[in-house]
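Step one of this worksheet: look at the structure below.
Nothing in this text is a laboratory measurement; each read-out follows from the coordinates by a stated rule. The model shown is predicted, which means the values in this text are computed figures rather than measured ones. As a convention, Cβ positions derive from the backbone with ideal geometry for all residues, glycine included, and neighbour counts pool all protein chains shown.
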Amino acid sequence: MLTIDQATYDAIIAHAKRDHPDEACGIVAGPEGSDRPERLVEMVNAAGSPTFYEFDSTELLALYKQMWANDEEPVVVYHSHTATEAYPSRTDIGLASEPGAHYVLVSTREHGNNEGPVEFRSYRIVDGEVTEEEVTVVPELAPVESS
């Protein structure tokens, strides 16, 4: 199950609507091993395409260096589909390289960048196997208990 705070959920949807008709993409980082999506990083779709997304390799490397320095990992990897349902394509499945991440798909096919609901779904993708999971949106993430 993916638990995500309302502000991050809203920001992912806003990014998807803003980039429509091109696919939007990004990562939500969190402390290693925590499964807490805490820091949203909107990325540039280097493909600039309505049917495909590609992280800019220089931008992605810089983000990974930053995450390593902060003891973070990608908790959510997200992108939008502009003309199809929020379900991973064969290409998406082939590119899924973070077995611990939640893969979030937002479909803007119904309303584009206008007001209106979107489809927001999350999956685990491990070794080409796609499993949809429940998404729980909370007002804010519970505080981390210190030991």
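Of the two radii for region 2-138, the radius of gyration is 0.93 times the Kirkwood radius, both from the alpha carbons; that is the Rg over Rh value. Close amide H partners of Glu72, meaning residues 5 or more places away or on another chain with modelled amide H under 5 Å apart, are Glu32.
The simple Förster model, with R0 at 30 Å and r as the Cβ-Cβ distance, assigns Glu129 and Thr51 a FRET efficiency of 0.80. Can you figure out the FRET efficiency of Ile93 with Ala142, using R₀ = 41 Å and their beta-carbon distance, to the nearest 0.05? Efficiency computed from Cβ-Cβ geometry: 0.80. The simple spin-label model puts a point 7 Å past each Cα toward its Cβ; for Asp10 and Glu115 those points are separated by 1.5 nm. The C-alpha atoms of the chain define a longest principal axis, and helix 57-69 lies at about 20 degrees to it.
Residue-wise HN-Hα couplings along region 37-50, as the Karplus relation 6.51 cos²θ - 1.76 cosθ + 1.60 with θ = phi - 60° gives them from phi, are x, 10, 10, 7, 10, 6, 10, 8, 7, 4, 6, x, 10, x Hz; Gly and Pro carry x. In the chain, the longest principal axis of the Cα atoms and the axis of helix 6-19 are about 30 degrees apart.
The residues neighbouring Gly94, those whose beta-carbon lies less than 15 Å from its own, together hold a net charge of -4 under the Lys/Arg +1, Asp/Glu -1 convention.
Rounded to the nearest 20 debye, what is the charge dipole size of region 1-58 about its Cα centre when +1 sits on each Lys and Arg Cβ and -1 on each Asp and Glu Cβ? Dipole about the Cα centre, nearest 20: 120 debye. With R₀ fixed at 30 Å, the C-beta to C-beta distance from Arg18 to Ala69 puts the FRET efficiency at about 0.55.
In this label model, Leu61 and Thr3 are separated by 3.7 nm, measuring between points 7 Å along each Cα→Cβ vector. Could you tally the net charge around Pro139, taking each other residue with its Cβ under 12 Å from the Cβ of Pro139, Lys/Arg +1 and Asp/Glu -1? Here the count lands on -3.
Within the shell defined by Cβ-Cβ distances under 11 Å, the residues around Ile27 carry a net charge of -4, with Lys and Arg each +1 and Asp and Glu each -1.
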